[in-house]
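Everything on this sheet refers to the single structure shown next.
The values are calculated or read from the model by the stated rules, or taken from the named source; none is laboratory data. Keep in mind the model is a prediction, meaning the values are calculated, not measured. Neighbour counts are summed over all protein chains in view; Cβ atoms, including those assigned to glycine, are modelled from backbone coordinates with ideal geometry. The protein model used for the area step is the full one, side chains on, heavy atoms only, and it has no ligands, DNA or RNA in it. Shrake-Rupley method; radii C 1.70, N 1.55, O 1.52, S 1.80 Å.
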Amino acid sequence: MIGTVLCYVLLPAARFLRALLDAFFTCQKNVLLAKSTSTQIEGDFTGTRGRSTPEEQEALLQQWLKEETGNLPASESAPAVGKVSVKLTSDWLEGSELLMTSLSNLNSAPEITQCAGQQLTELRTLTSSEPQEHAVTESSEEAVAVAGSAPWAAVVPQTDHQIAGCATVSVDVQNEDPAVLAWSLAHDTETVPAEPPAWPIQDTVHLYPLPTEVPYHEILWRDWEDLSVQPCALEQATKNTHLFEFRVMSYNILAQDLVEQGLDLYLHCHQDILSWNYRLPNLLQEIQHWDPDVLCLQEVQENHYWEQLEPTFKAMGFACFYKRRTGTKTDGCAVCYKHSRFQLISLSPIEYFRPGLDVLNRDNVGLVLLLQPLLPDSLHLKAVSPVCVANTHVLFNPRRGDIKLVQMALLLAEIDKVAKTAEGNHYPVILCGDLNSVPDSPLYKFIRNGELSYQGMPAWKVSGQEDFSHQLYSRKLMAPLWPSSLGITDNCQYITLCQPKKPGSYKYSRDFLLQFRFCSVACERPPQLILLEGVTDAKPGISGRCFIWDIPTVHCSLSFLGKQWLFMCRSSGVMRHGLNLTSVYSHFLPQRGRPEVTTMPMGLGATVDYIFYSADPVENGNRGGECRRLYKDGALKLLGRLSLLSEDVLLLANGLPNPFCSSDHLCLLASFGLEISSI
C-alpha cells in the first residue's frame, strides 16, 4: 500500500526506502494493534522487523490489510481519493526540531487515533488504484529532509470533515500510582486545527508528530531515591535511633508576567498550556502530591501569591512568608513551612540592591528563616536542633558574575548571622534556590568548597552559563570585589568592628599606649583625623626618637590602623565561608550516562537549581591541585531525593513547560533527618 507509493516515488533510492519501510512498520503496528483482534500481529512484527526483504514486507502488509477488512464496520465506506499527498512525519524528533513542533498536534492525538479506520479505508483505496504518472512526477519533485536517525513514516493527512466525524474519547489520567505525576486538569475538548500552526522558523521543513498520544507520565517518570538504605546510613541509624524527618522542596514556578514578557522563549509551547489558569492547578497538584514540610519557591508573582497561592497554602497547613523583588519587578521568593512541624524563631528578608554600588544594582532578593522543629508529646524529654532555611533567586545575566558573587556573599553573611550558635558554631543549614550557575562553575565551587580565588577571573566565567572567551574585552574581577562600607568581610561575615561594643572597651592605660611611641604611624598625623578643639588639636611632643601624640590621638591612630589592616586583608582576592555546604544532587545520571538538568532554556538542558545542606567535611587533601571537599552526613542527614531527568528525556516531552510540567524548571525534593538527642 504505502510501500507501493514509496516505490514509485523513491525507486532510485533503494537503501533509503528500506529505512522508511522499517520506520513505517513500527508506526503501522501501533495502529493495527489498537484496532485488530488478531493475536499474530505482534509476533509477525517481531519476527519480520529488520530481517525480511521489501517484497516480503509488502506482502505481509497486504495480508494485514485484508485481515483489517473484516474488523471494520460495514457502514464505513472509502471516500473518493483523487490524489493523496504523502508527507514524512516523525514519532520523536530530536533537538530544536522537536521543540518547534506545536503541542496542538500532540494534544489532538486521542481524536486522531479514533480516525484510524478512515485512514485504513483510504490506504486500501490507494492500494487498489493504479498509480497515475502525473502523481508520481509530482511526488518525486518533493524535497525530503531527514534529521538524524529519527523513525519516519508516511501518513495521509486528515481533512476537516474527516477529523470532525471521529468520535472523541477522553484519556483517563493515571492517578492510581503515587509514583507517577499524572496531573489531571478538566478542560473543554479542543478542536483539532485544519491547518498546521504557523512555523516559527522560515525556510525549514515542516515536521509533524505521528498520530499517537504522548505518554507524558511515562516519559517524565521520576524515581524516588531512598538513600537511607545505604550502608553508611544504616551504620549511623544504629547509633542514632531517633530522627526528625522532613521534606524540603525548591521550585521555580515561572511567573506569568515573565512568560508574557518573553514569549519568544516558549514558541514550542501551545498557547493554552502557557495560560496561568492551566498552570496553577498543575503546580498546586504537584506540590500537594509530594507534600513537602518546607517549600521554597522562586519567581512567585506578587498578585498571584496574595490572591491565590497564600490562601491555598494556608489551607494546606503552611505558614507563608514572601519577599517581592525590589524596583518594578512583580515577582519574588516565598518560603512556606508546615506550622504543625516547625515553629518560627527568626525571619530575615534580604535585598541585594544597594544604591550607588555597581556590583549591587540589581533587584534580586532572598529569605532566611530559623525554624525550630516540633517534636511529638511522646518525645517531651528529647531535644532537636533548630534548622536554618534560606531561599534566593540570583541574577540571571551570564556576563555579570561579579554581581552573582556579591549577592551570594550577602546571603551567606546573613545565614552566618542567623544560624550561629552561642558557642560560635552553626545550626544545620539548608540553602535552596535558582542560582543561575551550572555545576562545577566557580560560583558552585565556592559554595561547596568554601573558598574561591577570583582575582583576574573573567566575570562571565563565574556562573559557567555561556562562553564569552571569544570576545576581545570582558569584565574581570579585581580585589576587593565590594567596598568595605558594605560591612562584610571576605569570609562572608558581618564586620564585628561595625557593631557597638560594651562601655569601657575603648579605655586603655597610658602605659599600654606608650608602647606605640616608636610606631611610624603614631609619629604622623593621620590625614583622616578630624580636628576637634581641645581633643585632637594638641601638638605632638618630643620624647626620645620620635613624636608622640596624646592619648586621644593615639587611640584614633589605632582605629585607623585597624581599618587599614582590614582593608589589606580584604585585598587578597580570595572569598571564603565556613558553612560546610554540599549538594543534595550529584548532577549526573549514571544509569543513563548523562548529566541531570533542572531547566531547558531554548531547548538546551542545564542545572541551575540547587538544594545545599550542612555536612561534616572529610579531610582528603588536594586532588589535581584543586581543593575539593568531601563530606559526610553530620547532625543533618540526607535520607532521600526525587531523581532529576536528562536533556534527551525532556526533549521527548517537547521540552519545558509542557502539558505535564507547568514550569520551565523541574522541582527539587529532598528528605532530611535531624538527630534527636536527650535533654
Subject >> Separation of alpha-carbon centers, segment 349-389 and segment 310-334, rounded to whole Å >> reply: 15
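Show me 584-595, 466-477, 406-417, 265-276 ranked by packing, highest mean number of other Cβ atoms within 10 Å first. Write down the numbers at each step before the final one.
Working: 584-595: 14.1, 466-477: 11.1, 406-417: 23.6, 265-276: 17.3.
Going by the mean number of other Cβ atoms within 10 Å, highest first, we get 406-417, 265-276, 584-595, 466-477.
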Subject >> Percent breakdown of C-alpha pair distances by 5 Å bin, ordered from the shortest bin, for segment 304-456 >> reply: 2, 8, 16, 19, 18, 15, 11, 6, 3, 1, 0, 0
**OP:** Pull up all non-local amide H partners of I611: gap of 5 or more, or a different chain, and H-to-H distance under 5 Å with H placed in the peptide plane.
**Re:** V584, Y585
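Quick check: with the 1.4 Å probe, what order do K445, K637, K461, K420 take by accessible area, largest first? Kindly include the intermediate steps, with their values, before the conclusion.
Details: K445 60, K637 15, K461 105, K420 80 Å².
Descending accessible area places them as K461, K420, K445, K637.
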Original post:
Tell me, what HN-Hα J-couplings in whole Hz come from the Karplus equation 6.51 cos²θ - 1.76 cosθ + 1.60 at θ = phi - 60° for each residue of segment 252-267, using x for Gly and Pro?
Top reply: 8, 8, 6, 4, 5, 4, 5, 5, 6, 7, x, 4, 5, 7, 10, 5
**OP:** Calculate, for V229 and T421, the FRET efficiency according to 1/(1 + (r/R0)^6) with r their C-beta to C-beta distance and R0 30 Å; round to the nearest 0.05.
**Re:** 0.40
Original post:
When the Karplus curve 6.51 cos²θ - 1.76 cosθ + 1.60 is applied with θ = phi - 60°, which whole-Hz ³J(HN,Hα) does each residue of segment 431-441 get, with x for Gly and Pro?
Top reply: 10, 10, x, 9, 9, 6, 8, 8, x, 6, 6
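Near V394, within a Cβ-to-Cβ distance under 13 Å, what is the net charge of the other residues, with Lys and Arg +1 and Asp and Glu -1?
On the way: positive: R325, R362, R400, K404; negative: E299, D363, D402, D434, D609.
Neighbour charge sum, excluding V394 itself: -1.
Taking the Cβ of Y585 as the center, what net charge do the other residues with Cβ under 11 Å away carry, scoring Lys and Arg +1 and Asp and Glu -1?
Values: positive: R641; negative: E225, E596, D609.
Computed value for this residue: -2.
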Original post:
Using θ = phi - 60° and the Karplus form 6.51 cos²θ - 1.76 cosθ + 1.60, what ³J(HN,Hα) does each residue of segment 273-286 get, whole Hz, x for Gly and Pro?
Top reply: 7, 8, 5, 5, 5, 7, 6, 4, x, 4, 5, 5, 5, 5
**OP:** Obtain the nm distance between the two label points defined at Q261 and L381 by a simple spin-label model: each point lies 7 Å from its Cα along the Cα-to-C-beta direction.
**Re:** 5.8
Original post:
Counting only protein heavy atoms, what percent of the accessible surface of segment 290-403 is carbon or sulfur at a 1.4 Å probe?
Top reply: 53
